[in-house]
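Asks: I'd like to ask some things about the structure below.
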Amino acid sequence: MIKKPRFSILNAGFLFVVITLISVLILGVIHHFTKDIIEQLPTYEKYASFRDVYPSFHYVDSFPKVFHEGKESIDVYKTYDEKHECIGAIVCSTSHNGYVGEIDVLIGFNNQGDILNYRVISHKETIGLGARIVNWFKSKEHNRNIIGIRANETNLSLVNEGGEIDAITGATVSSRAFLFAVRNAFLILDKHTDVLSHSKTLDTLELPVEKTDELKVSTLKGE
Amino acid sequence: MKYLILLLSSAFINNVVLTQLLGIAPMMTGTRKVDSALKLSLVVAIVLILSTITNYLIEEYILYPFQIQYLQILFFVLIVLIIGHLVQIVLIKIPGLIEQFEENFFVLLVSNSTILGTSLIVIKKHVNFLESAVIGLGSALGYVLIMIIFAAIQEQLRLEPLPKNMQGYPILLIIAGILAMAFIGFK
Amino acid sequence: MRKSENFVDGLFSNNPLFVFVLGACPTLAVSSTTFGGIAIGLCTMFVLLFSSFTVSLIKNLIPYKIEITTSLIIIATYTAVVQSLLYTFYPLLYERIGIYCPLIVANVVILRRVTLFSIDNSIFASTIDALGNGMGFILALFLLSSIRELLGCGRWFDIQLIDEDYISSLFVLAPGSLITLGLLVALFKSVKKA
């Protein structure tokens, strides 16, 4: 049985320093190898969601244009048909007033301002309550569905706030925050861009993205 | 005024133990008697406040500027270890306050998810220095409160007959659950 | 005791969660979905395995007095490793677990096994012990989170089984986890006696 070293401040201190240095080394190495993947993460997630949210575009902006209104801002990825004419946009909008934290929503609008689809790309709401924003507002039930409605002809707020949309039972805060993000997306899109005015300007020189089936979506893991 | 609300919310509404479920292990094992619970929780409270502030400063001025956030856990654990040790030494030196800490105590103190958890929460919320101190203080208060309540309950419990299988952890957990339900009402 | 006995022990009769109610802290909060529960279980087992291995590897270099501290630093390192890897390869899963991933270091299961067992035993024995305890932990978490997810939001592995409108969400929140665990521990006790 090998004898253990005797305890002394010097011994202990030396051991601590060595172990800490080795730890830092290990962590540094791992960080070095994973850093590139981590940088690309949000991009992959968003691209995979684009098709979900806007089924039939030919081209979409690789990089968003950011538009501000007061404290709020949205990312706008314009969508184009095969002739490079703008047919709508995919908007990434955030609400900071979720029940637990931020809610990020990706919404597809066409030229007329119809909501084609949405996808909540990040939230921390409670499972079974606020988390239902992911599907609630797509449900065919009366007063819940926001898909297919024209954003400037419908009041996109909760029923008990003068609007037309039913909140999630027991999750009013999350519902309100979600609708805020959607409403905001439309308002800023309308005010600051020409996407919704049926104009087909080609003064933009955004690079088109390859169609989704060419993207390496197989590396996406998770939900 | 904002700070008062922050204090109350981190003490009651987002109570570290019963809402964020962070202090369960020491709550189960360290609260046999009210005065030992009081001692333990006060020491944890001190370490909690000190480490939250220190960890915040480290994150703000060392980890973030140099982009070495992957070292976060390592640094935080080291800080909690050091502060825990220092607090123990200081408290023993004060005459008559505490005679001796059991071996077990240090383990409970240091691997306490409340302390580490509060530091992580404070960073996640992107608050400023004063707010992080307030949150630390609030969590500490909430923690002490829960420990005392639970110890009092445990003392009462000893007088009650219980089915064999419910004795020990099961009934404690269920009672903790009912307490948690009360705290959910604050939201 | 023989190694195989030790393994089964960690799995069942000395199941870390159900018998000792260790490591309840970080796990209660995440077990509201089965995916999250299994994820935390696997991560914890990963950290447990590597920490046990490392500590029993260098056990003869550590003076008696600083066993706990040294073990904790080693556990912290591996937790950071797991966190980095999880965030890189399964970011959506990582988002679900949130701050409870770094809190694996505070999970008393790991510290206890490491300081009680690995510090005195051979590398092989420690690894087996870690595996047994780890699997027991994962199993326990699987049970706990399945019940909570099923009763709390009608889903299992994210597949909706019962419509959400018929379910009370008590089980998914804090009180539900405590009560469920309490009942499961009591159940486990009576099963053990039989």
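Asks: Can you give me the number of residues within region A:77-115 that are open to solvent by 10 Å² or more (accessible area, probe 1.4 Å), of a type in the set (Val, Ile, Thr), closer than 28 Å to A:Val173 by Cα and part of a strand (DSSP E or B)?
Replies: Matching residues across region A:77-115 total 1.
Asks: Quick check, is A:Val173 crowded, with 22+ Cβ neighbours inside 10 Å, in contact (Cβ under 8 Å) with a residue 60 or more places away in the chain and not charged (D, E, K, R)?
Replies: Spelling it out, it is not the case that A:Val173 is crowded, with 22+ Cβ neighbours inside 10 Å, in contact (Cβ under 8 Å) with a residue 60 or more places away in the chain and not charged (D, E, K, R).
Asks: Name the residue, out of C:Tyr100, C:Tyr87, that is open to solvent by 20 Å² or more (accessible area, probe 1.4 Å) and touching a residue at least 24 places away in the same chain (Cβ under 8 Å).
Replies: The conditions single out C:Tyr100.
Asks: Applying the selection to region C:42-75, what residues are among the hydrophobic types (A, V, I, L, M, F, W, C), over 30 Å from C:Ser145 (Cα atoms) and part of a helix (DSSP H, G or I)?
Replies: C:Val55, C:Leu57, C:Leu61, C:Ile66, C:Ile68
Asks: Answer yes or no as to whether A:Ser23 is modelled with pLDDT of 70 or more, within 11 Å of chain C (Cβ to nearest Cβ) and surrounded by 11 or more Cβ atoms within 10 Å (Cβ to Cβ).
Replies: Judged against the criteria, A:Ser23 is a match.
Asks: Go through region A:143-191 and give me each residue that's among the aliphatic types (A, V, I, L, M), in a loop (DSSP other than H, G, I, E, B) and under 26 Å from A:Val76 (Cα atoms).
Replies: A:Ile146, A:Ile147, A:Ile149, A:Ala151, A:Leu156
Asks: Check B:Gln167 against each of (1) crowded, with 17+ Cβ neighbours inside 10 Å; (2) over 20 Å from B:Thr52 (Cα atoms); (3) among the polar types (S, T, N, Q) and name the one condition it does not meet.
Replies: The failed condition is (1).
Asks: Please go through region B:43-56 and give me each residue that is more than 15 Å from B:Val134 (Cβ to Cβ) and open to solvent by 10 Å² or more (accessible area, probe 1.4 Å), ordered by number.
Replies: Scanning region B:43-56 gives B:Ile46, B:Thr54.
Asks: Take the residues in region B:125-161 that are among the polar types (S, T, N, Q) and in contact (Cβ under 8 Å) with a residue 24 or more places away in the chain; name whichever of them is surrounded by the fewest Cβ atoms within 10 Å (Cβ to Cβ).
Replies: By that ranking, first place goes to B:Gln154.
Asks: Turning to a different aspect of this structure: From the list B:Leu162, B:Leu173, exactly one residue is hydrophobic (A, V, I, L, M, F, W, C), outside any helix (DSSP H, G or I) and within 14 Å of chain C (Cβ to nearest Cβ). Which is it?
Replies: Every option except B:Leu162 fails the conditions.
Asks: What's the number of the only condition in (1) at pLDDT 85 or above; (2) on the phi > 0 side of the Ramachandran plot that B:Ile58 fails to meet?
Replies: (2)
Asks: Would you call C:Ile138 open to solvent by less than 30 Å² (accessible area, probe 1.4 Å), modelled with pLDDT of 80 or more and more than 14 Å from chain B (Cβ to nearest Cβ)?
Replies: It is true that C:Ile138 is open to solvent by less than 30 Å² (accessible area, probe 1.4 Å), modelled with pLDDT of 80 or more and more than 14 Å from chain B (Cβ to nearest Cβ).
Asks: Of all residues in region B:58-93, which are away from chain C (no Cβ under 14 Å), under 21 Å from B:Asn128 (Cβ atoms) and surrounded by 14 or more Cβ atoms within 10 Å (Cβ to Cβ)?
Replies: Answer for region B:58-93, where residues must be away from chain C (no Cβ under 14 Å), under 21 Å from B:Asn128 (Cβ atoms) and surrounded by 14 or more Cβ atoms within 10 Å (Cβ to Cβ): B:Ile58, B:Glu60.
Asks: Filtering region A:116-142 down to residues that are within 24 Å of A:Asp190 (Cα to Cα) and in a loop (DSSP other than H, G, I, E, B), which residue is most open to solvent (accessible area, probe 1.4 Å)?
Replies: A:Lys138
The values are calculated or read from the model by the stated rules, or taken from the named source; none is laboratory data. Bear in mind the structure is a predicted one, so any value in this text is a computation, not a measurement. Cβ coordinates were reconstructed from backbone atoms using ideal geometry, including for glycine residues, and neighbour counts include every protein chain displayed. For accessibility, only protein heavy atoms count, side chains too; no ligands or nucleic acids. Shrake-Rupley method; radii C 1.70, N 1.55, O 1.52, S 1.80 Å.
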